[in-house]
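Working notes, structure below.
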Amino acid sequence: MKSFTQHKQEVAGYRDVRETVQVLEKIAAGQLHKLQLTAEALQEYTDTLLDLMLRIETLAGRPLFSPNAPSVTDHDRELLVVLTGDRGLVGDLWRRQYELYESVYKDTAVELLVIGLRGQVLWPQGGPHKVEHYSFAERFPTHTELLELASVLQHAVRNDMFTRVSVLYVEAKSLLVRESAIVSIFPLAPGADLASRHEQVKQIGFPIVDVGYEEMAAGLLEKYLVNRLQQLLMEVALSEFSARTIGLEHAGAKTEQIIAETMRQYRRWRRHADTEKQLERFSSIKAI
C-alpha cells in the first residue's frame, strides 16, 4: 500500500492537471465569445457586399461577377482551399474534414491549397492530388495577408489555371454541432440563390455611378473575396474553439472523477490495512 505522502503527491498531481485544464477552458471560452461576435458582423457585411455586387451587375446589364458559363478549356480543374487550425485538443474535427474530402474528390481532378499545421499533417505533399501548403504569420491573418491570398486565387482562375475555387472548412452550427462543408467562392456561379438575389436588388436605390462598371466590379470583387475568406477562417476558428471548450470541459470533469476515485481507493486501502492490524492484535491477545 502506498504511503499517505505518496497519496497526497498523486492527488496533488491530478489537481495540477485539473487547474491547467480549467485555465485552458477559460481561454478557449473567452476566444469563443469574441469570435461569435466577429463572425456575425462578417456575415452581415458579406451579405451587404454581395447585394451591392449584384446591383452593379444589374445596372451594367451584363455578367460581371457571375458569368453564364466558364471559359472554354480542355480541362475542368478545381482548386480546393482547405482551412484547418494549428493546435490540437479538438477531437476528430480535422479528421471529419478529411473524410468529406475523400468522399467528394476521390476521383476528381483537383489541386489543394492547405492552410493550417493540422491540415498539413493530414494532407502531406506527394499524395494522390497535388498539394501546396500555405501559411500565415499568426493564427488570424492580417488584411494584407488576406489580400495576397485573394490575389493568388483570382490570378489562378483568370489565367485559366483553374475553372473554379472552392473552400473546405468547418461550419459552427452551434456550440455543440460542427459540420464540415465545401463552398464555391470564385467565380460567382449563377445559381438559384444568386438568381433570386438578382430579383431582390433590381429595385434597390437610385444608381449614382461616376466610374466604369468594370472598375467598380474589380474593387468590389477584391473586397468580397477578402471578407469571404476572413469569414470562413472565422468559422473554422469558431468551430475549433467551441470543440476545444467542450473537450476541455469533459477533460476537467474526467479529472475530477479520477481525483475522487483515487481518494476513495486510498480510503479503502487504509480501512483494509487498519482492519488487518486490528485482527493481528486480537489474534495475538487471544493467543496469550
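The values are calculated or read from the model by the stated rules, or taken from the named source; none is laboratory data. Just so you know, these numbers come straight off a predicted model, no measurement behind them. Heads up, the Cβs are rebuilt from the backbone with ideal geometry, glycines too, and the neighbour counts pull from every protein chain shown. These accessible areas exclude ligands, DNA and RNA; they are computed on the full protein's heavy atoms, side chains included. Shrake-Rupley method; radii C 1.70, N 1.55, O 1.52, S 1.80 Å.
Miscellaneous remarks
- If the condition is being of a type in the set (S, T, N, Q), open to solvent by 50 Å² or more (accessible area, probe 1.4 Å) and modelled with pLDDT under 75, then the range 45-70 contributes only ASN68.
- Taking residues in the range 30-44 that are over 11 Å from GLU235 (Cβ atoms) and surrounded by 15 or more Cβ atoms within 10 Å (Cβ to Cβ), and partners anywhere that are of a type in the set (Ser, Thr, Tyr) and modelled with pLDDT of 80 or more, the pairs with Cβ atoms closer than 6 Å and at least 6 places apart or on different chains are LEU32/SER242.
- Check on GLU99, more than 18 Å from the chain's Cα centre (by Cα), under 28 Å from PHE140 (Cα atoms) and modelled with pLDDT of 75 or more: no
- Within the range 135-180, the set of residues being open to solvent by less than 30 Å² (accessible area, probe 1.4 Å), modelled with pLDDT of 85 or more and part of a loop (DSSP other than H, G, I, E, B) comprises PRO141, PHE162.
- Test for VAL226: is it modelled with pLDDT of 80 or more, aliphatic (A, V, I, L, M) and touching a helix residue (DSSP H, G or I) at 6+ places or on another chain (Cβ under 9 Å): yes
- Test: residue in the range 116-134 that is buried (at least 18 other Cβ atoms within 10 Å of the Cβ), basic (Lys, Arg) and touching a residue at least 12 places away in the same chain (Cβ under 8 Å): yes
- Criterion (touching a Gly at 6+ places or on another chain (Cβ under 8 Å), open to solvent by less than 60 Å² (accessible area, probe 1.4 Å) and either assigned to a helix (DSSP H, G or I) or modelled with pLDDT of 80 or more (or both)) met by exactly one of GLU235, GLU240: GLU240
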